[in-house]
1. Work out the FRET efficiency for MET62 and ASP262 from their Cβ-Cβ distance, taking R0 = 41 Å, and round it to the nearest 0.05.
2. Take the residue pairs LYS234/LYS308; LYS185/LYS270; LYS250/LYS329; LYS3/LYS333; LYS107/LYS234 and return only those whose Cα atoms are more than 32 Å apart.
3. Can you tell which of ASN278, ASN244, ASN112 shows the greatest fluctuation in a Gaussian network model of the chain with Cα springs below 10 Å?
4. Work out how much length LYS210 to LEU225 would gain on full extension: take 0.36 nm times their residue separation and subtract the Cα-Cα distance, in nm to one decimal.
5. Most fluctuating residue of ASP103, ASP344, ASP56 in a GNM of the chain with Cα springs under 10 Å: which is it?
6. Which of the trypsin sites (Lys or Arg not before Pro) found in region 11-80 are in a DSSP loop and have at most 14 neighbouring Cβ atoms, other than their own, within 10 Å?
7. Tell me, what HN-Hα J-couplings in whole Hz come from the Karplus equation 6.51 cos²θ - 1.76 cosθ + 1.60 at θ = phi - 60° for each residue of region 15-30, using x for Gly and Pro?
8. Work out the FRET efficiency for LYS333 and ARG134 from their Cβ-Cβ distance, taking R0 = 22 Å, and round it to the nearest 0.05.
Amino acid sequence: MAKIKVLVVDDSSVVRNVLTRELTKDSSIEVIGTAPDAFVARDKIVALRPDVITLDIEMPKMDGITFLRKLMEWFPIPVIIVSGLTPKGCSLSLEALEIGAVDVIEKPALTNERALADFSTRLIDQVKAASLVRFRKPTAHGQAAAARRPQVQLGAPKPAGRTLGKRTSKIIAIGASTGGTEALKTVLEKMPVDCPPIMIVQHMPGTFTKAFAERLNRQTPIEVLEAEDGMEVKTGRAIIGNGNMHLLIKKGPGKWLAETRDGPLVCRHKPSVEVLFNSFAKHVGSNAIGVMLTGMGRDGVDAMKNMKDAGARCIAQDEKSCVVFGMPKEAIKTGAVEKIVPLDMVTDAVLSFI
């Protein structure tokens, strides 16, 4: 098979060398070039036609966000954001995901061998996932619609939401990976303000999950929080797993609680969908609704089958609307999935089980 061709864009020569070295440890990946800024990157994209680009956000001459907007409009290519730990870097990285980047990864601590090894594993997995994404050039109508789309500002009122109008004992568990940040926004912004409790694992670095939860909290009618150990799992609230900890559900005195737990990677991830879904199979049983959204790999697949066997109702996003049809496809193969629906119908499918 042909190797995945990668272009590395970063203003730091040290980072460019590290990314090149780590990526080329995998025999299926070839770094075909590097660029210190957007202008060099533009020329190399035209000349080399990479399959995937890794992109720094804060660069000289032209910042990564401006470059990404131009790229998505005129020459769409799967982009992975490699960002620093600053609050500005987190905010811009999340904006990049909204513009069209397929994933984000935190720059490694170059002096920490273990952290660098974990970074290398995640980066290689993300490049492989990104290589499966196929963009279509936006139509004039689509570009105009995007330009009209209002930007959510800090301090802006939350969107108004409909109400479910009835009580339910159901609890929703959602798993997502590549492409999941925008998919989750689509699902949550359609939820009633009194929706059943929701717990989410989205594969994302721990430095970004709090900012991601805060952004979704502003953009959707429900309450969205990053998980904390002992946090109540309740109506109208979605809890997103901290990117450094596994997320589980447990029974407390008269209420459901979130549990955060350290530990090794499960299915190559922490937090792991497998861990969350297995906790639902064990504790929630037939009151659970499982949702598998876009993503590469098998994280959560076996546990979704366990949920189904425990009486849960399970939904998967369909192939056409997935950024990467990996996790949903594998879940469907197990026979666990009861409904396969486009992304814009996932919320309605969930509510149909209540």
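1. Details: r = 40 Å, r/R0 = 0.98.
Here the calculated transfer efficiency is 0.55.
2. Numbers: LYS234/LYS308 22 Å; LYS185/LYS270 21 Å; LYS250/LYS329 28 Å; LYS3/LYS333 28 Å; LYS107/LYS234 35 Å.
LYS107/LYS234, as the Cα separations exceed 32 Å there.
3. Among ASN278, ASN244, ASN112, the largest mean-square fluctuation in the Gaussian network model of the chain belongs to ASN112.
4. Additional length available on full extension: 4.6 nm.
5. It is ASP344.
6. Working: sites: ARG16, ARG21, LYS25, ARG42, LYS44, LYS61, ARG69, LYS70; in loops: LYS25, LYS61.
Of the trypsin sites (Lys or Arg not before Pro), the ones in loops of region 11-80 whose Cβ has at most 14 other Cβ atoms within 10 Å are LYS25, LYS61.
7. Residue by residue, region 15-30 yields 5, 4, 5, 5, 4, 4, 4, 5, 5, 6, 5, 9, 5, 8, 10, 10 Hz.
8. Numbers: r = 22 Å, r/R0 = 0.98.
Between LYS333 and ARG134 the formula returns 0.55.
Quick note: the coordinates plus some simple rules give every number you see, no bench work behind them. Model, not experiment: these values are computed from the prediction. In this analysis, Cβ positions are derived from the backbone assuming ideal geometry, glycine residues included, and neighbour counts consider all displayed protein chains.
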